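Notes to accompany the following structure.
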Ligand SMILES: C[S@@+](CC[C@H](N)C(=O)[O-])C[C@H]1O[C@@H](n2cnc3c(N)ncnc32)[C@H](O)[C@@H]1O
């Protein structure tokens, strides 16, 4: 049994609303690239531990991580999730409604580079960000997050180990380089306090300094 399977079996207890998501992805011809349950569970905990009330997600897919994030929110907490594909946002909306969380979650469709910048211009602020979309734009998403982050906000980014390829000096694939650049950028950024947590495919958690 792998370490991830061991952790998953002990700590991730998916209910029916989460368990049905892979099937909805298949039915809608969508990729099965949701975060693993152990990352999802950690996202719920991080939202709860930080007392976050206004969460922004980049990359919705079928709403799996949205459900984990929204489950960490207090009663009046809100999650806004940015998604490029109309179909993905529709499936995510359905799955989130099935989980009884539709009053907390709003999906915004379009290229997140633009929709994120629109939110910044509107003056909205957030206390928790979860980045899980196109790897080449992780640094622009981080910069956008810093423009609308409350002091002490959390910025978490997924897939930062990229299946271990980031640590393989021989691997120069485009997305490996994108992720490496993001990790190095965050590690050296004085505006943040950060640590890479080797859970799932790696979650880089940063706190915005006050
Ligand atoms: C890895 S999946 C997200 C998985 C989701 N966070 C989960 O765990 O359930 C990445 C998603 O980002 C979306 N995406 C890719 N490029 C994007 C962009 N430029 N703007 C917004 N969404 C984008 C994809 O369509 C896809 O649904």
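Take the alpha-carbon centre of the range 1-47, take the same for the range 141-208, and report the distance between them in whole Å.
21
Checking the a/c ratio against 1.5 first, then a/b against b/c, what shape does the Cα gyration tensor give for the range 93-210?
Numbers: a/c = 1.77, a/b = 1.38, b/c = 1.29.
Prolate, because a/c is 1.5 or more and a/b exceeds b/c.
Which shape class applies to the chain: rounded if a/c is under 1.5, otherwise prolate when a/b exceeds b/c and oblate if not, where a ≥ b ≥ c are the square roots of the Cα gyration tensor eigenvalues? Don't skip to the answer; put the middle values down first.
Details: a/c = 1.33, a/b = 1.08, b/c = 1.24.
It comes out rounded by the Cα gyration axes.
Hey, can you rank 64-75, 164-175 by average C-beta count inside 10 Å, highest first? Before the final figure, lay out each step's value.
Values: 64-75: 22.9, 164-175: 11.9.
Those peptides, ordered most packed to least, come out 64-75, 164-175.
Once you have a ≥ b ≥ c as the square roots of the Cα gyration tensor eigenvalues for the range 4-77, tell me rounded if a/c is under 1.5, and otherwise prolate or oblate according to whether a/b is larger than b/c. Write out the running numbers ahead of the final one.
Values: a/c = 2.10, a/b = 1.30, b/c = 1.61.
The shape class here is oblate.
Would you please put 83-96, 187-200 in order of how densely packed they are, using the mean number of other Cβ atoms within 10 angstrom per residue and starting with the highest? Before the final figure, lay out the partial values.
Details: 83-96: 19.7, 187-200: 14.1.
Highest to lowest by the protection proxy: 83-96, 187-200.
Calculate how many DSSP beta bridges within the range 3-208 are antiparallel, expressed in % of all such bridges and rounded to the nearest 5.
Values: 11 of 30 bridges.
Counting only bridges with both partners in the range 3-208, antiparallel ones make up about 35 percent.
At 7 Å along the Cα-to-beta-carbon direction for both residue 90 and residue 143, put a label point, then send me their distance in nm to one decimal.
Each label point lies 7 Å from its Cα, and together they span 3.5 nm.
Calculate how many DSSP beta bridges within the range 89-210 are antiparallel, expressed in % of all such bridges and rounded to the nearest 5.
On the way: 11 of 16 bridges.
Within the range 89-210, antiparallel bridges account for around 70 percent of the total.
So for the pair residue 175, residue 97, with labels modelled 7 Å out along Cα→Cβ, what separation do we get in nm?
3.0
What is the calculated FRET efficiency for residue 193 to residue 124, with r their C-beta to C-beta distance and R₀ = 22 Å, to the nearest 0.05? Present the calculation step by step, with values, prior to reporting the outcome.
Values: r = 24 Å, r/R0 = 1.08.
For R0 = 22 Å, the calculated efficiency reads 0.40.
Read the figures in this text as sums done on the coordinates, not as results from a lab. All values derive from a computational prediction rather than experimental measurement. Note that each Cβ is placed from the backbone with ideal geometry, even for glycine, and that neighbours are counted across all protein chains shown.
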